[in-house]
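One structure below.
Bear in mind that the values in this text are calculations on the coordinates, not laboratory data. All of these numbers come straight from a predicted model, not from anything done at the bench. All Cβ positions, even for glycine, are placed from backbone atoms using ideal geometry, and neighbour counts span all protein chains on display.
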Amino acid sequence: MQVKIEKNFALAAPPAVAWTLLQDIRAVAECMPGARITEQIDATHYKGQVSVKLGPAAAQFAGELEVQAIDAARREIRLVGKGSDTKGSSAATMNLSASIRDATGGCELVGMSEVSVSGKLASFGGRMMTQVADQLLKQFADNFAGRVAAVPEAAPEPATVTVAAAAATDQAPRQLNALALLWAVVVGFFKSLFGRKSGT
């Protein structure tokens, strides 16, 4: 099963600062709830984990991340991620393009992804997967915006800006709470269901 998603998120920060953070693969990974980089193989390949919690139960997904391209002129980065849970019951592949664009009052983070899933994950269906992915992207954007906002305003030139200050002041990324996501999906489903009925 494949799901395609494209989202824009406003950021109250200079484009150069947001772009510098976007190139920090470890920082970007930590913006995704429950995700972390465990090993850097070389300049473009990483290994990592994603922790998922559903009530009292927890699971971990292990995977690999490849940086396919970094386009400084367009402020765009393209990534490919592959992973499976430790029990081998589900697997996923993600192609992600993310870029920073100029906008009034700061800039915006633009993301487009194609996610293919197999195994138990595929049983959720396309609509459910899309709604869950929407919730994940919203949490990611909130964390990313928080890190960008924590970079000092008097930052050096874009080529030398670091995100050390942001990483130090930002809270540790929250574990992905699948129960909360599931509730949000259920609420969204009923809203769309009754919305269609009232409109017909």
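Ranking Tyr46, Leu21, Thr86 by how far each Cα lies toward the positive end of the dipole of the range 21-107 (charges on Cβ) leaves Thr86 at the top. The peptide list 109-116, 14-21, put in order of mean Cβ contacts within 10 Å with the highest first, becomes 14-21, 109-116.
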